[in-house]
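Please read the structure below before turning to the comments.
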Amino acid sequence: MVYIPFWICIFAGVAIDARERRFPNGLAGACAVTALAGVWLDLGLNTALDHAGLAVIVYLGLVLTESLWRRVRHAPGIGMGDVKALFALCTFDPLGGVVAFAVALLTLAVACLIAKSRSLPLLPFLVPIFAIIEVVGCTL
């Protein structure tokens, strides 16, 4: 019950990314805050802070990687909206977020090959995969 605001925010982000290929900063912040609040209320402050710390590490690693990619390749790789979304997902569940990100990137690559497209928005792949991981993880 405490996670409902997070799921509403993150799926709103999916809808916006699918339509406009962007993830607004305000919505990304709301996703991260609702994830942190949900974990805090469900699992306690220490776990919430652990998740937030791990999310920051993942976020900084991806920002550094994306910055280097753009400098070397002179072209964008993943978007910063995708990085912001992963921050919120890792605040909710760090391992689930990283696993969902890896699976979503592979799925996106296959979809781009099938659609013969150079790029597609990542969030419509990332968030449903993350949701599946969370549902399966809760039932185990």
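The values are calculated or read from the model by the stated rules, or taken from the named source; none is laboratory data. Every value quoted in this text rests on a predicted model; they were computed, and no experiment measured them. Backbone-built Cβ (ideal geometry, glycine too); neighbour counts: all protein chains shown.
For every residue, the table says whether it meets (1) hydrophobic (A, V, I, L, M, F, W, C); (2) modelled with pLDDT of 95 or more; (3) over 13 Å from the mean Cα position of the chain (by Cα).
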residue	(1), (2), (3)
ALA52	yes, yes, yes
SER67	no, no, yes
GLY81	no, no, no
ILE114	yes, yes, yes
LEU123	yes, yes, no
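Can you find a residue in the range 84-92 that is touching a Ser or Thr at 6+ places or on another chain (Cβ under 9 Å), of a type in the set (A, V, I, L, M, F, W, C) and without any contact (Cβ under 8 Å) to a residue 40 or more places away in the chain?
Within the range 84-92, not a single residue is touching a Ser or Thr at 6+ places or on another chain (Cβ under 9 Å), of a type in the set (A, V, I, L, M, F, W, C) and without any contact (Cβ under 8 Å) to a residue 40 or more places away in the chain.
Residues that are within 15 Å of VAL14 (Cα to Cα): which helices (runs of 4 or more DSSP H) entirely in the range 25-140 hold 1 or more of them? Reasoning before the result, please.
Details: elements: 25-43, 45-73, 80-92, 94-115, 123-139.
Of the helices (runs of 4 or more DSSP H) lying wholly inside the range 25-140, those with at least 1 residues that are within 15 Å of VAL14 (Cα to Cα) span 25-43, 80-92, 94-115, 123-139.
For the range 1-24, give me each residue that is touching a helix residue (DSSP H, G or I) at 6+ places or on another chain (Cβ under 6 Å), part of a loop (DSSP other than H, G, I, E, B) and more than 16 Å from VAL135 (Cα to Cα).
Result: ARG22, PHE23.
If only one of THR47, THR65, THR34 is within 21 Å of ILE129 (Cβ to Cβ) and surrounded by fewer than 17 Cβ atoms within 10 Å (Cβ to Cβ), which one is it? Let's see the steps before the verdict.
Numbers: THR47 fails: within 21 Å of ILE129 (Cβ to Cβ); THR34 fails: surrounded by fewer than 17 Cβ atoms within 10 Å (Cβ to Cβ).
Being within 21 Å of ILE129 (Cβ to Cβ) and surrounded by fewer than 17 Cβ atoms within 10 Å (Cβ to Cβ) holds for just one of THR47, THR65, THR34, which is THR65.
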